[in-house]
1. Taking H placed 1.01 Å from N in the peptide plane, check which residues at least 5 places from A:Leu117 or on another chain put their amide H under 5 Å from its amide H.
2. Is the shape of chain A best called rounded, prolate or oblate, per the rule: a/c under 1.5 gives rounded, else a/b larger than b/c gives prolate, else oblate, with a ≥ b ≥ c the square roots of the Cα gyration tensor eigenvalues?
3. Could you pull out every residue, at least 5 positions away or on a different chain, whose amide H is within less than 5 Å of the one on A:Ile209? Hs are placed 1.01 Å off N in the peptide plane, and Pro or chain starts have none.
4. Return the average number of partner chain Cβ atoms within 10 angstrom of each residue Cβ along peptide A:150-159.
5. Label the range A:85-150 by shape, choosing from rounded, prolate and oblate, from the square roots a ≥ b ≥ c of the eigenvalues of the Cα gyration tensor; if a/c is under 1.5 it is rounded, and otherwise prolate applies when a/b is larger than b/c, oblate when it is not.
6. Taking the highest mean first, how do the peptides A:219-231, A:134-146, A:91-103 order by number of other beta carbon atoms within 10 angstrom per residue?
7. Can you list which of the chymotrypsin sites (Phe, Trp or Tyr not before Pro) found in the range A:74-126 are DSSP loop residues with at most 13 other C-beta atoms within 10 Å?
8. The range A:177-232: which trypsin sites (Lys or Arg not before Pro) are DSSP loop and have at most 15 other beta-carbon atoms within 10 angstrom?
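Throughout, read-outs are computed from the coordinates displayed, never taken from laboratory work. Nothing here was measured: the structure is a model prediction, and the numbers come from that model. Counting neighbours? That spans all protein chains shown, and the Cβs are built from the backbone with ideal geometry, glycine included.
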Amino acid sequence: MAKVVVVTSGKGGVGKTTSTAALGAALAQGGERVAVVDFDVGLRNLDLIMGAERRVVFDMINVIQGEAKLTQALIRDKRLESLFLLPASQTRDKDALTGEGVARVIAELRQSFDWVLCDSPAGIERGALLAMHHADIAVVVTNPEVSSVRDSDRIIGMLDSKTERAERGERIERHLLLTRYDQARAERGDMLKVEDVLDILSIPLLGIIPESQEVLRASNVGAPVTLNAPVSAPARAYTDAVRRLRGETVEMSIPSDRVGLVARLFGRRVA
Amino acid sequence: MSSILDLFRRRPTANLARERLQILLSHERASAGQEGLIITLREEILAVIARHVVVDRDQVQVKVERTGESSILEIDVTMPIPRAKLRAASC
Ligand SMILES: Nc1ncnc2c1ncn2[C@@H]1O[C@H](COP(=O)(O)OP(=O)(O)O)[C@@H](O)[C@H]1O
Ligand SMILES: [Mg+2]
């Protein structure tokens, strides 16, 4: 039975889509069957970050409205055969995404995948609520910055009260994914430290993703950073996060691009 | 006037960010997320009290404060002095 994970944050631009793609690819690299689902109706981006934008034929709303079968809408990744994308609609009205329709799609995805990763839209409105509603696990993406931390706090409150699990009186597993972290600035006292954010939000830490130019490079070519630059700092951080998500105990570290420089130069020359 | 010296004079700002967040969020948590729970608790507590004493609705305050993984429930009821005692005092 699949685990349904929502990648959420409240605030926009903190790295939800980047993280959904990177975590999804890393899980699939480990042999798991993974579906990444874009919930950002009208502002879909997951297809672009995954490099599948030219292969989108049907989307989730087509499936909900019976215009396509789920199997027709799912796009298989070119690089990883167990990784699939369900795109969001770019043109339809947001209201076409109904609670009942989403429930059906998620239930069907649960049947054929090990992991279903839902990329939430920004905000705390209907779209974000729909994305989190069926989740067993939430990955709360947060930047070490006041407005992002505040919005994450708000989202954590909603996870605890507005999800299906919460309504049944069960707990939803929540994890903090701290992204765009700059250790040098944190050490200088100019950026919230990992411990500060953990103290304030008090949910367990899934990983620390450093600020890195490899993320932009990966998005330029349309590949999750874990596939495009597997030895880069953010890729290693995402890979560790995935191992924790799967229940392994992995020592927490903040990977740095500097350490991997030699390996990266070498890797490029060989490729 | 900004000079190169300003770079060295600059104070770290992360501590201030942390403090501001802690204050803000303790307020927001008490109000936003717990609103529904507070309304229910307040109504039920009022009903229980009303069975025994006559109290003004405004005299019952219910607050929930989240601290880490748990919450503190504060109930503040201003009760009138029971009639029997009043009479005893006036005798
Ligand atoms: N670790 C990182 N280092 C550098 N840039 C990042 C990192 N994570 C995300 N970004 C950049 O931040 C921007 C927003 O990311 P995105 O994943 O689209 O956020 P969201 O889905 O939360 O709106 C993008 O330009 C992305 O390249
Ligand atoms: Mg996004």
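1. A:Val5, A:Ala35, A:Val36, A:Val37
2. Values: a/c = 1.77, a/b = 1.23, b/c = 1.44.
Oblate.
3. Sorted by chain and number, the residues that satisfy this are A:Leu178, A:Thr179, A:Arg180, A:Tyr181.
4. On the way: counts 5, 0, 1, 8, 5, 0, 3, 6, 2, 1.
Averaged over the peptide's residues, the number is 3.
5. Values: a/c = 2.19, a/b = 1.39, b/c = 1.58.
Note, shape of the range A:85-150 comes out oblate.
6. Numbers: A:219-231: 20.7, A:134-146: 23.4, A:91-103: 13.8.
Going from most to least packed, we get A:134-146, A:219-231, A:91-103.
7. Working: sites: A:Phe84, A:Phe113, A:Trp115; in loops: A:Phe113.
Qualifying residues, ordered by number: none.
8. Listed in order of number, the matching sites are A:Arg188.
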